[in-house]
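**Student:** Just dropping this structure here.
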Amino acid sequence: PVVLTGSQIPLSETRNDAITNLLGALVVAGHFDIPEVCIYFGDVLLRGNRARKISAVGFDAFDAPNDEPLITFGVDVVLRANAIRPAPTRPFKLREIGSCDVAALRMFPGLSASALQHMLEPPLAGLVLETYGAGNIPLTRPDLLDVLRAAVERGVVIVNCTQCLHGSVSAAYESGTLLKEMGIVSGMDLTPEAALTKLAWSLT
């Protein structure tokens with residue numbers, strides 16, 4: 001197991017959450033056979049690539065909006081055993097992701113085609129596009145669609161992720177279908193952070 005943790009209040013402060021989080025992370029790493037990279041924070045263990053930081057002030061600072069905790073710590077320790085994946089057959093290996101030509105862009109009303117085109121210019125190799133709802137952009141903006149289509153045709157990998165905390169990108173609506181037909185990759189229910197990391201890993 002690889003367990004990441006931290007705290008909202010530093011260990012140097014009398015009142016802190018660092019001790020609890022560190023002890024919990026050590027318990028998980030030492031006593032549970034979970035062959036994944038996880039986050040222990042606020043009495044829960046989350047699958048790392050499903051987690052997001054949701055609060056800058058609360059002790060429950062991380063959540064996995066489209067997943068359940070692998071372990072919940074209370075009076076009892078509740079392990080979601082059926083969610084634990086089998087150990088990989090290859091040994092664990094870290095690969096550094098250095099400087100890479102990927103970016104993320106959150107769609108917003110009034111985004112100009114020129115700004116989008118500027119972002120997609122070389123040397124950009126990949127973009128996580130955070131769209132509305134179930135993966136939509138306005139069909140009333142053919143200028144944006146033209147810019148996206150041209151980028152895909154010249155080899156830029158664009159991944160469509162939803163801006164929503166809960167739910168998934170789907171082709172249920174016309175614009176989502178159009179993006180898929182253009183060659184834009186569905187991020188399904190990936191978090192934008194995970195999508196960006198996977199994109200950077202794939203393109204370096």
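**Student:** What net charge is computed for the residues neighbouring residue 23, neighbours being all others with C-beta under 13 Å from the C-beta of residue 23, Lys and Arg scored +1, Asp and Glu -1?
**Tutor:** On the way: positive: none; negative: 17, 43.
Charge balance in the 13 Å sphere: -2.
**Student:** Also: Note the listed values (1) 1.01; (2) 1.19; (3) 0.95, then indicate which one is Cα Rg over 2.2 N^0.38 Å calculated from this particular structure.
**Tutor:** Answer label, from the structure shown: (2).
**Student:** To the nearest 20 Debye, how big is the dipole of segment 1-87 about its Cα centre, given +1 on the beta carbon of each Lys and Arg and -1 on that of each Asp and Glu? Write out the running numbers ahead of the final one.
**Tutor:** Working: 7 positive and 10 negative charges, 45 e Å.
With Lys and Arg at +1 and Asp and Glu at -1, about 220 debye.
**Student:** Subtract the Cα-Cα distance of residue 76 and residue 121 from 0.36 nm times their separation in residues, and report this length gain in nm to one decimal.
**Tutor:** On the way: separation 45, 0.36 × 45 = 16.20 nm, distance 5.34 nm.
Full extension from residue 76 to residue 121 adds 10.9 nm.
**Student:** Would you mind checking which residues have amide H under 5 Å from residue 103's amide H? H placed 1.01 Å from N; only 5 or more apart, or other chain.
**Tutor:** When sequence neighbours closer than 5 places are left aside, the close amide H contacts are 126, 127, 128.
**Student:** Could you work out the helix-only [θ] at 222 nm for the chain, with each DSSP H run of four or more residues adding -39,500 (n - 2.57) and the total divided by the number of residues, to the nearest 500 deg cm²/dmol? Write out the running numbers ahead of the final one.
**Tutor:** On the way: 5 runs with 55 residues, N = 204.
Calculated at 222 nm, the ellipticity per residue is -8000 deg cm²/dmol.
**Student:** From the backbone phi of segment 128-138, what are the Karplus-calculated ³J(HN,Hα) couplings (6.51 cos²θ - 1.76 cosθ + 1.60, θ = phi - 60°) in whole Hz, Gly and Pro given as x?
**Tutor:** Per-residue couplings from phi come out as 8, 9, 8, 9, 7, x, 8, x, 10, 10, x Hz.
**Student:** Let me ask something else about it. HN-Hα J couplings of segment 160-166 from phi, Karplus 6.51/-1.76/1.60, θ = phi - 60°, integer Hz, Gly and Pro as x?
**Tutor:** So the J values, rounded to whole Hz, are 8, 10, 7, 6, 6, 5, 10.
**Student:** On full extension of the chain, what length is gained from residue 181 through residue 87, given 0.36 nm per residue of separation minus the C-alpha to C-alpha distance?
**Tutor:** 30.2 nm
**Student:** How about segment 91-162: which GluC sites (Glu not before Pro) there are in a DSSP loop, with at most 15 other Cβ atoms within 10 Å of their Cβ?
**Tutor:** Those that pass, being in a loop and sparsely packed, are 96.
**Student:** If you don't mind, there's one more thing I want to ask. Using a 10 Å cut-off on Cβ atoms, rank the peptides 135-146, 114-125, 158-169 from the highest mean neighbour count down. Mind dumping the intermediate values first?
**Tutor:** Values: 135-146: 16.3, 114-125: 13.7, 158-169: 18.9.
My ranking of the peptides, most packed first, is 158-169, 135-146, 114-125.
**Student:** While we're looking at this one, here's another question. For segment 47-122, which trypsin sites (Lys or Arg not before Pro) are in a loop by DSSP, counting at most 12 other Cβ atoms within 10 Å? Please list the in-between numbers first.
**Tutor:** Details: sites: 47, 50, 52, 53, 80, 93, 95, 106; in loops: 80, 93, 95.
Passing both the DSSP loop test and the Cβ count: 93, 95.
No lab work stands behind these numbers, since they all come straight from the coordinates. Everything numeric here is computed off the predicted structure, so don't read it as measured data. Cβ atoms come from the backbone with ideal geometry, glycine included; neighbour counts cover every protein chain shown.
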